[in-house]
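J.: Here's a structure for you.
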Amino acid sequence: MKIISLFFSILLLTIFLHCQIDKNNESMAFPFDDLSLSWKVLTNHYNNKTQHLAAFIIENNSKDTLFNDWKLYWNQSPRTVFEVKNPSVQLRKINGDFYEMAPRADFQLAPGQKITVEYISSDWLIKESDGPVGVYFVDHEARSKQVKSFQILPFESEEQIARSTVEATPPYTALRQFEENEKLNFDDGEVTSSIIPIPKSYSVRSGAFNLTSATSITFSEGLNSEADILIKLVEEVNGLKLMNPEPTNAPGAVHLAIVRGLKSEQYSLVIDQNQITINGGDPAGVFYGIQSLIHLIPVESYEKSKEIAFPALAITDGPTLGYRGIHIDVSRHFFSKQTILKMIDILSRYKINNLLFYFTEDEGWRLEIKDLPELTEVGARRGHTLDDREYLQPSYGSGPDPAGPHNNGTGYYTRSDYIEILQYAQARHMKVIPQVNFPGHARAAIKAMEARYHKYKDTDPEKANEFRLVDPDDQSEYLSAQHYTDNIVCVCRESAFAFYEKVMDDIISIYEEAGAPLEIFHTGGDEVPRGAWTKSPLCEEFLQANPAIGEANQLQRYFSERATEIIKRKGLINGAWEEAAMNIQPDGWTPNRKLADGSMIAYIWNNIWGQQDLGYKMANAGFPVVLCNVTNLYFDLAYNNDPREPGLYWGGFCNARLAYEFIPGNLYKSTQQDALGNKFLPERDFVDLVPLSPQGQQNIIGIQAQLWAETLQDQDMLEYYYLPKLYGFAERAWNGDPVWARIENTAERNAVADLTWSRVAQVIGKKELQKLDFLGDGYNYRIPTPGIKISQDTLYMNTSYPGFEIRFTLDGSQPTPNSQLYTGPVQINGALVNAKIFNKQGRSGLTARSEDTIVD
């Protein structure tokens, strides 16, 4: 009987599992794979207003009729939908960048038919990266299906590529690129210096030092880590295995030492025929001397296990600015630990010493916090949902499946991951600054703590409310910068501060466990929209009990001041975006001098919309200031307005040269146009702006470049955005104002800037970018698009950087690494030209076409 009973039990279990498997794998009733979708912008100034007209085209290639039992979801640059022109469907923005299209009751799409759904939305969309991403269907049984065939149609007409009727940026063409490239002066000689940033004192001597596997390496006390890194770097770039370094003051053939007379981060590098000596004012200075030595290794020696010939020279160098930072957003798109370590490698190579790690946002919470598992269980996952109970809604194309292989919205760093990142950065003299953005940009934390509330509300109400972040009765209406309606923490709850301090204490403990320095805790504090807290019963009661605070719009200042006090008690400095350091006044903003006591560092991003002097106002008011100006230092902005070139552009366009042209000590000389391309005239536009005072100059502690991740979908795109932009930034961060910044005449100053940038561009093209191909698994740096000019049926082409090959075709086909090599002007007999720039590994940039390039 037992055997028979066991048999029937196994049989019933098998049947049950089979049914479950069938249900989970059950295909949708309609074959959605047989639908093809496309999308296009029709005009960006519909009815001569600041609005665009776009369209979805849905084509039914199946044998079945598509009825009304489906919905379509996608992510896209957040815009307000005004009107849908097709009466058979509805279209709405749900929240943030999450959209839905739903058919009405009478909808039918027969086999072979297609439907065009036109709709009007706010503002403009001028790039392919503005189009829908992560498009998927959901059927009437809530099963999701990623769209298999989706296409963004080309942007070709002026109405598609101009942001408005007052657009001042000319359309991108290959001829315009040619004319920009013509301003540069690339001589045919060899590049003399290959060190970026350029050393302050550099003298070449006769002779060379040959580094071999038999070369002895010695170091003075406290430089074990630096000696080990020297060994690793040489082996990585060349394959040469050096002898184990010896800790001794008796100098070997290569000697590392800390000496008096050099300040922190300063170094000297002396090479002669017998010895290499690297002295530093501290270990960081020695490390930077090592990096300069590595820069001297010629491209030809990379990945070749043999001796390296270093030219004899003497360098004395050190930074002008103490804070040289990069901001990385890992919340909107998650980047793996390995991607971050790889990024730290390249940042430290160019002497960047601060990494602002942005791991909390509306779209994701990326750090494990002890005792608050909901932050990563809910806040670190994205998938199809309309209530955010189990995970967050899709954003930036993350798709419907929270565990999908291509879902870049899911992921977080464990405690051990973060410790490894901290220690890796510390060994390379880079400080990692944590940023937990409050009270705005906090949707992921809010939804995670709401999930915690619902988990415990029936069994443990006190625990449920312990870290709750919202007033459940709040009826306030607002729209955040990214179009969220529910991303602001209720700072009138004590539980909001309990949450923040809990998170802060756990992060501090991670740094302590890692043995890593923590001096700045960044609270964000930006972009709290008007209307927040205005209809919150909790806040109304709180403000009545605390009349000194003022109205609801002063609660942002209240949070900032209180958070700063908490941070100060823990022995740290509060870093925050400028809004957190300011008072809201009826006629604008003023510095909150209560915080100008050194307890807060103001990170200033806004230098547009009449705020070109904001950074100087804050520095003059006594705040330590890090300049993060959007016009020059927002690396996530597109390189140019070519519709194929990905990136944002709300602050204009940001090419590799703009960071190099940034002048911290005189922003008015480096802020040359507004976001729409209108040129500034200093005598007209800057006469009433505040100059930087001598004391304010002392308060500019550094500069920082930003990598916001709305369009940075993966590691390749991340690297595409910051390389080669990093080079100009590294030069300016290390050396401060360029010499040519002192030239008052704009034309003369620009001419000298053209010449000096030409020299830097030669180093970038002939040396630095080519070296990246041999580091680790390589870097996906941006390869430029060639410029084209056709005159008298003769083809002329040029490039932004020397050291690459231009290949072209005359038959309309796409160029390959085997296509004709451009070596000089070519007669084309009216042929259509397609051209690409290739690196030595055969990877290319975008195609340049000969349309609109004829000048006679």
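The values are calculated or read from the model by the stated rules, or taken from the named source; none is laboratory data. Fair warning: this is a prediction, and the values are worked out from it, not measured in the lab. Positions of Cβ are generated from backbone atoms using ideal geometry, with glycine treated the same way; all protein chains shown enter the neighbour counts. Surface accessibility is based on the protein's heavy atoms, side chains included, excluding ligands, DNA and RNA. Shrake-Rupley method; radii C 1.70, N 1.55, O 1.52, S 1.80 Å.
J.: Which of the residues spanning the range 632-653 are in contact with a helix residue (DSSP H, G or I) (Cβ under 7 Å, 6 or more places away or on another chain) and under 27 Å from T320 (Cβ atoms)?
T.: N632, L633, F635, D636, G651, G652
J.: Six or more apart or on different chains, Cβ under 8 Å: which pairs go from a residue in the range 614-627 that's at positive phi and touching a residue at least 40 places away in the same chain (Cβ under 8 Å) to one that's among the aliphatic types (A, V, I, L, M) and open to solvent by 10 Å² or more (accessible area, probe 1.4 Å)? Could you list them?
T.: Listed pairs, sorted by first residue: G622/A596.
J.: As an exercise: evaluate K568 against (1) open to solvent by less than 10 Å² (accessible area, probe 1.4 Å); (2) assigned to a helix (DSSP H, G or I) and give the number of the one condition it does not meet.
T.: (1) is the only condition that K568 fails.
J.: OK, next. What's the total number of residues in the range 670-696 that are open to solvent by 20 Å² or more (accessible area, probe 1.4 Å) and either charged (D, E, K, R) or within 20 Å of R324 (Cβ to Cβ) (or both)?
T.: 7
J.: In this structure, does F287 turn out to be hydrophobic (A, V, I, L, M, F, W, C), touching an Asp or Glu at 6+ places or on another chain (Cβ under 9 Å), part of a helix (DSSP H, G or I) and modelled with pLDDT of 95 or more? Walk me through how you get there before you give the answer.
T.: Values: hydrophobic (A, V, I, L, M, F, W, C): yes; touching an Asp or Glu at 6+ places or on another chain (Cβ under 9 Å): yes; part of a helix (DSSP H, G or I): yes; modelled with pLDDT of 95 or more: yes.
Considered against the rule, which asks whether it is hydrophobic (A, V, I, L, M, F, W, C), touching an Asp or Glu at 6+ places or on another chain (Cβ under 9 Å), part of a helix (DSSP H, G or I) and modelled with pLDDT of 95 or more, F287 comes out as yes.
J.: Any residue in the range 182-193 that is open to solvent by less than 40 Å² (accessible area, probe 1.4 Å) and modelled with pLDDT of 95 or more? Talk me through it step by step, then tell me what you get.
T.: So in the range 182-193, the residues open to solvent by less than 40 Å² (accessible area, probe 1.4 Å) come out as 184, 189, 191, 193.
Restricting the remaining residues to those that are modelled with pLDDT of 95 or more gives none.
Within the range 182-193, none of the residues are open to solvent by less than 40 Å² (accessible area, probe 1.4 Å) and modelled with pLDDT of 95 or more.
J.: Got at least one residue in the range 328-337 being open to solvent by 10 Å² or more (accessible area, probe 1.4 Å) and in contact with a Gly (Cβ under 9 Å, 6 or more places away or on another chain)? If you could, list the steps in order and put the result at the bottom.
T.: To start, the set of residues in the range 328-337 that are open to solvent by 10 Å² or more (accessible area, probe 1.4 Å) comprises 334, 336-337.
Among the residues that remain, those that are also in contact with a Gly (Cβ under 9 Å, 6 or more places away or on another chain) are: 334, 336.
Yes, some residue in the range 328-337 is open to solvent by 10 Å² or more (accessible area, probe 1.4 Å) and in contact with a Gly (Cβ under 9 Å, 6 or more places away or on another chain).
J.: Among what's in the range 77-103 and is touching a His at 6+ places or on another chain (Cβ under 8 Å) and outside any loop (DSSP other than H, G, I, E, B), pick the residue that is least open to solvent (accessible area, probe 1.4 Å). Let's see the steps before the verdict.
T.: Going residue by residue through the range 77-103, those that are touching a His at 6+ places or on another chain (Cβ under 8 Å) are 78-80, 93, 95-97.
Of the ones still in play, those that are also outside any loop (DSSP other than H, G, I, E, B) are 93, 95.
Numbers: K93: 47, N95: 11 Å².
Once the filter is applied, the top-ranked residue is N95.
J.: Within the bounds of the range 501-516, is there any residue that is under 21 Å from A602 (Cβ atoms), in contact with a Phe, Trp or Tyr (Cβ under 6 Å, 6 or more places away or on another chain) and open to solvent by less than 60 Å² (accessible area, probe 1.4 Å)? Spell out the reasoning first.
T.: Kept after step one, since they are under 21 Å from A602 (Cβ atoms), are these residues of the range 501-516: 504.
Those left that are additionally in contact with a Phe, Trp or Tyr (Cβ under 6 Å, 6 or more places away or on another chain): none.
Checked against the condition, which is being under 21 Å from A602 (Cβ atoms), in contact with a Phe, Trp or Tyr (Cβ under 6 Å, 6 or more places away or on another chain) and open to solvent by less than 60 Å² (accessible area, probe 1.4 Å), the range 501-516 yields no hits at all.
J.: Now for a different question. Yes or no: N574 of a type in the set (S, T, N, Q) and at pLDDT below 95?
T.: Details: of a type in the set (S, T, N, Q): yes; at pLDDT below 95: no.
For N574, the condition - of a type in the set (S, T, N, Q) and at pLDDT below 95 - is not met.
J.: In addition: For residues in the range 766-804 being of a type in the set (A, V, I, L, M, F, W, C) and part of a strand (DSSP E or B), which is surrounded by the fewest Cβ atoms within 10 Å (Cβ to Cβ)? Spell out the reasoning first.
T.: Of all residues in the range 766-804, those of a type in the set (A, V, I, L, M, F, W, C) come to 769, 772, 774-775, 783, 788, 790, 795, 797, 804.
With part of a strand (DSSP E or B) added as a condition, the list becomes 788, 790, 795, 797.
Details: I788: 28, I790: 23, L795: 21, M797: 25.
The qualifying residue surrounded by the fewest Cβ atoms within 10 Å (Cβ to Cβ) is L795.
J.: Right, something else. Out of E477, E519, E494, which single residue is open to solvent by 30 Å² or more (accessible area, probe 1.4 Å) and farther than 15 Å from C539 by Cα? Spell out the reasoning first.
T.: On the way: E477 fails: farther than 15 Å from C539 by Cα; E494 fails: farther than 15 Å from C539 by Cα.
So the residue among E477, E519, E494 that is open to solvent by 30 Å² or more (accessible area, probe 1.4 Å) and farther than 15 Å from C539 by Cα is E519.
To keep it simple, each residue is scored yes or no on (1) touching a strand residue (DSSP E or B) at 6+ places or on another chain (Cβ under 9 Å); (2) of a type in the set (A, V, I, L, M, F, W, C).
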residue: I510; (1), (2): yes, yes
residue: E527; (1), (2): yes, no
residue: G531; (1), (2): no, no
residue: T534; (1), (2): no, no
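J.: State which residue is farthest from M430 (Cα to Cα) when the search covers only the range 697-710 and only residues that are β-branched (V, I, T) and open to solvent by less than 20 Å² (accessible area, probe 1.4 Å). Full working, then the answer.
T.: Narrowing the range 697-710 to residues β-branched (V, I, T): 700-701, 703.
When the remaining residues are screened for being open to solvent by less than 20 Å² (accessible area, probe 1.4 Å), the result is 700, 703.
Numbers: I700: 19, I703: 15 Å.
Top of the filtered list is I700.
J.: Sticking with this one: Within the range 108-129, which residues are open to solvent by 30 Å² or more (accessible area, probe 1.4 Å), in a loop (DSSP other than H, G, I, E, B) and closer than 22 Å to W650 by Cα?
T.: Within the range 108-129, D123, W124 qualify.
J.: Quick check on my filter: what residues within the range 130-163 are small (G, A, S), within 27 Å of D401 (Cβ to Cβ) and open to solvent by less than 20 Å² (accessible area, probe 1.4 Å)? Quick ask: steps written out before the conclusion?
T.: Of the range 130-163, the ones small (G, A, S) are 131, 134, 142, 144, 149, 157, 162.
Checking which are within 27 Å of D401 (Cβ to Cβ) leaves us with 131, 134, 142, 144, 149.
Selection gives G131, G134.
J.: Let me ask another. Do we find a residue being open to solvent by 20 Å² or more (accessible area, probe 1.4 Å), in contact with a strand residue (DSSP E or B) (Cβ under 8 Å, 6 or more places away or on another chain) and either modelled with pLDDT of 95 or more or not acidic (D, E) (or both) anywhere in the range 541-551? Before the answer, list the steps.
T.: We begin by selecting, within the range 541-551, every residue open to solvent by 20 Å² or more (accessible area, probe 1.4 Å); these are 541-551.
Of the ones still in play, those that are also in contact with a strand residue (DSSP E or B) (Cβ under 8 Å, 6 or more places away or on another chain) are none.
The answer is no; no qualifying residue exists.
J.: Which residues, counting only those in the range 159-172, are over 21 Å from R79 (Cα atoms) and either among the aliphatic types (A, V, I, L, M) or over 26 Å from the mean Cα position of the chain (by Cα) (or both)?
T.: Restricting attention to the range 159-172, the residues satisfying the condition of being over 21 Å from R79 (Cα atoms) are 168-172.
Within the range 159-172, A168 is the sole residue that qualifies.
Each row is one residue, and each column tells you yes or no for (1) open to solvent by 20 Å² or more (accessible area, probe 1.4 Å); (2) among the acidic types (D, E); (3) not in a helix (DSSP H, G or I).
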position: Y396; (1), (2), (3): yes, no, yes
position: D401; (1), (2), (3): yes, yes, yes
position: H406; (1), (2), (3): yes, no, yes
position: G409; (1), (2), (3): no, no, yes
position: A425; (1), (2), (3): no, no, no
position: H429; (1), (2), (3): yes, no, yes
position: V432; (1), (2), (3): no, no, yes
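J.: Right, another one. Yes or no: I421 open to solvent by less than 10 Å² (accessible area, probe 1.4 Å) and within 20 Å of the chain's Cα centre (by Cα)?
T.: Details: open to solvent by less than 10 Å² (accessible area, probe 1.4 Å): yes; within 20 Å of the chain's Cα centre (by Cα): yes.
Judged against the criteria, I421 is a match.
J.: Next question. Tell me which of these T590 doesn't satisfy, since it passes every other one: (1) β-branched (V, I, T); (2) open to solvent by 10 Å² or more (accessible area, probe 1.4 Å); (3) under 23 Å from A733 (Cβ atoms).
T.: (3)
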